[in-house]
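Presented below is the structure to which this report refers.
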Amino acid sequence: MLRVRRLVHALAVLISTAACTTTGIGTTTPVASDQAPMVIPISTQSSTARAEFLRGLYDLDVERPVEAREHFDRALAADPKFALGHLYAAFAAPSLADYRNHLDQAGLNIGQASPAEQFWIRAERAGADNDVNGQLALAQQLVQLTPNDPRAYGYLAGAQFNYGRRADARVSLERATQLDGNFAPGWILIGNSYLQTEPRDLIKAEDYVRRAVTISPNEPYTHDYMGDVYRAVNNLPQARTEYTRMIELDASRAGAYQQRGHVNSFLGNFAEARADYDRAVQLADPGTKPTSSVYRALVNVYSGDPSAAEAELERIAASVDAMKIPNADGAKIFALSEETRIALHNRHLDVAQRAIDQMRPVLRHQAEMGRSDAIKRANEAQIDYWEGMLAARRGDFTTARNEAKDMMAQVAPNQNPRKNEGAHELLGMADLLQGNYAAAEAHLAQANPDDVYVWYNRGLALEGAGRTAEAKEYFRRVAAWNFNNASAALVKRDAASKAM
């Protein structure tokens with residue numbers, strides 16, 4: 001799994017982490033120069049809770065989630081009924097269970113919150129239940145109530161991205177930057193939207209992110225995104241320079257080494273990549289150590305040894321329980337999902353079966369911790385997805401299509417227009433492997449538009465259908481994709497050869 005902010009399905013949570021008030025009731029609290037002053041009141045009578053909340057908010061803005069959690073915990077210790085504090089503790093939570101606990105507490109104490117805070121809490125609860133229609137409606141009401149608040153527009157943009165209304169989302173993000181041009185996270189949000197999600201515009205992305213760097217040149221996170229821009233335009237040496245600058249600004253920041261490890265993987269500097277990932281593991285918060293270990297395993301795919309990657313990922317998944325970390329389920333699912341993707345692509349079907357068998361109970365346990373029917377349905381759909389992909393690779397296309405139908409049935413109650421993207425990907429894979437190229441392309445056109453593996457398979461479908469020029473466009477897009485996961489590691493090299 002990529003960093004949270006790079007997951008399209010998590011974009012609303014990302015934007016939420018930059019969306020909150022920094023003013024007290026009837027007062028204005030001094031803030032850092034790149035932190036936006038807000039108009040929504042903080043509904044707590046505790047000066048300690050308010051002060052700790054604001055410190056946590058700033059740490060979350062600049063992507064220091066561990067420090068943010070510490071401040072939010074202190075705020076809630078001072079005022080356990082602080083609803084907005086619970087909401088932001090949920091956004092900074094290290095696990096799904098902690099997220100759900102704090103979100104539930106925010107709901108229980110919603111009566112003590114201001115009307116604007118209530119809209120925010122209700123919107124997030126709707127999003128957590130996969131009611132994207134409800135989340136969007138509540139976010140729109142939030143903006144109507146607080147029309148001068150850039151963070152409210154940031155949250156609205158997240159809901160719009162979740163709904164698939166990307167043009168509207170970018171209008172909302174533009175509005176956020178107009179309301180406060182000195183708020184660096186606002187420029188990051190809109191820049192990253194053009195960097196990571198379709199339709200991409202790398203010129204706009206660079207302009208917006210560079211503005212954030214100008215505002216906050218000594219905050220490592222702005223150089224993190226500037227490095228991402230250079231990765232996107234395939235200037236990998238300059239990307240590595242930006243990540244090295246992060247290390248110079250904060251040598252304890254594990255993510256800086258992880259990012260540099262990605263670039264070294266793409267450049268073929270495999271020993272350096274592994275050294276960077278090892279350093280990231282040493283420095284990381286215990287809950288995120290497995291993430292860098294997973295990326296280290298992917299170096300084997302780039303160097304041409306997928307079996308070694310599979311074995312390393314299986315060892316990582318097996319080691320998680322002994323770590324006693326809060327997000328053990330998520331860490332295991334990440335490792336096993338990447339192992340499954342690699343094994344399926346290379347037709348190591350016994351390895352894929354073993355990984356899926358290990359992943360199935362973990363997904364169900366995680367869903368229980370989430371205490372939400374929507375999460376249970378989503379995780380059951382994920383099980384269907386992997387079992388269907390395995391069936392398709394085995395040539396059992398009837399089972400693969402039945403698993404896709406099961407996915408659609410699982411998510412049918414969700415108020416989300418994008419809910420069937422995963423099922424269409426599975427149906428597209430079944431048709432692709434069966435040689436039904438036109439049908440495969442039609443299904444893949446309805447799959448996740450930001451997924452590099454979907455792009456690659458859509459290129460194969462177009463190629464098979466004789467639409468060579470269109471296929472090459474997708475292969476070129478894949479070859480130029482410099483953001484790391486198992487899918488990218490598997491297909492970048494082949495896509496580059498097909499794009500010629």
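How are the alpha carbon pair distances in the stretch 227-372 distributed across 10 Å bins from zero to the largest one, expressed in percent?
12, 36, 33, 17, 2
Percent of accessible area on the chain owned by carbon and sulfur, 1.4 Å probe?
On the way: 9420 of 18700 Å².
Result for the chain: 50 percent of the exposed heavy-atom area is carbon or sulfur.
Which whole-number percentage describes the relative contact order of the stretch 181-239, with Cα contacts under 8 Å and a sequence gap of 6 or more?
Answer for the stretch 181-239 is 31 percent.
How big is the Kirkwood radius of the stretch 335-455, worked out from every pair of different alpha carbons and given in Å to one decimal?
14.5
Tell me what the chain gives for mean residue ellipticity at 222 nm when only DSSP H runs of n ≥ 4 count, each as -39,500 (n - 2.57), the sum divided by the residue total, rounded to 500 deg cm²/dmol.
-23500 deg cm²/dmol
With volume of the Cα convex hull per residue in Å³ as the read-out, I listed (1) 127; (2) 179; (3) 199; which label goes with the value calculated from this structure?
(1)
In whole percent, what relative contact order does the stretch 344-500 give with Cα contacts below 8 Å and a gap of six or more residues?
Taking the mean separation of contacting Cα pairs over the length of the stretch 344-500, I get 14 percent.
Pairs of alpha-carbon atoms within less than 8 angstrom and 6+ residues apart define the contacts here; what relative contact order does the chain have, in percent?
Numbers: 872 pairs, mean separation 52.2, N = 500.
Relative contact order for the chain comes out at 10 percent.
Ordered by packing density, taken as the mean number of other Cβ atoms within 10 Å over each peptide's residues, highest first, how do 160-170, 337-347, 408-418 rank?
Those peptides, ordered most packed to least, come out 337-347, 160-170, 408-418.
What is the angle, in °, between the Cα long axis of helix 373-394 and the longest principal axis of the Cα atoms in the chain? Nearest 10 is fine, range 0 to 90.
Around 20 degrees separate the two axes.
In the structure shown, do any of Lys472/Lys492; Lys332/Lys419; Lys332/Lys405 have a Cα-Cα gap over 21 Å, and if so which?
Long pairs (Cα-Cα over 21 Å): Lys332/Lys419; Lys332/Lys405.
Which value, to two decimals, describes the C-alpha radius of gyration of the stretch 301-356 once divided by 2.2 N^0.38 Å?
Values: Rg = 11.4 Å, N = 56, 2.2 N^0.38 = 10.2 Å.
Working it through for the stretch 301-356, the quotient is 1.12.
Once fully extended, how much extra length lies between Thr48 and Glu368, figured as 0.36 nm per residue of separation less the alpha-carbon to alpha-carbon distance?
Taking Thr48 through Glu368 to full extension adds about 111.7 nm, to one decimal.
Using +1 on the beta carbon of Lys and Arg, -1 on that of Asp and Glu, and nothing else charged, what's the dipole of the chain about the Cα centre, debye to 20?
In debye, rounded to 20, the chain gives about 420.
Go through the stretch 156-171 residue by residue and turn each phi into a ³J(HN,Hα) via Karplus (6.51, -1.76, 1.60, θ = phi - 60°); whole Hz please, and just put x for glycine and proline.
With the stated coefficients, the stretch 156-171 comes to 4, 4, x, 5, 5, 4, 4, 6, x, 8, 6, 5, 4, 4, 6, 4 Hz.
Determine the shape class of the stretch 119-191: with a ≥ b ≥ c the square roots of the Cα gyration tensor eigenvalues, call it rounded for a/c under 1.5, and otherwise prolate if a/b is greater than b/c, oblate otherwise. Show your work: numbers first, answer last.
On the way: a/c = 2.14, a/b = 1.56, b/c = 1.37.
Prolate.
Classify the stretch 177-261 as rounded, prolate or oblate from the Cα gyration tensor: take a ≥ b ≥ c as the square roots of its eigenvalues, call it rounded if a/c is under 1.5, otherwise prolate when a/b beats b/c and oblate if not.
Judged from the Cα gyration tensor, the stretch 177-261 comes out oblate (a/c at least 1.5, b/c at or above a/b).
Taking the Cα atoms only, what angle lies between the long axis of helix 47-61 and the longest principal axis of the chain, rounded to 10 degrees?
Its long axis makes an angle of about 30 degrees.
P(r) of the stretch 234-296 in 5 Å steps, Cα pairs, percent per bin?
Spelled out per bin, shortest first, that is 4, 23, 31, 24, 14, 3, 0.
The values are calculated or read from the model by the stated rules, or taken from the named source; none is laboratory data. The structure displayed is predicted, hence computed values, not measured ones. Virtual Cβ from ideal backbone geometry, glycine too; neighbours counted across all protein chains shown. With ligands, DNA and RNA removed, areas are computed over all heavy atoms of the protein, side chains included. Shrake-Rupley method; radii C 1.70, N 1.55, O 1.52, S 1.80 Å.
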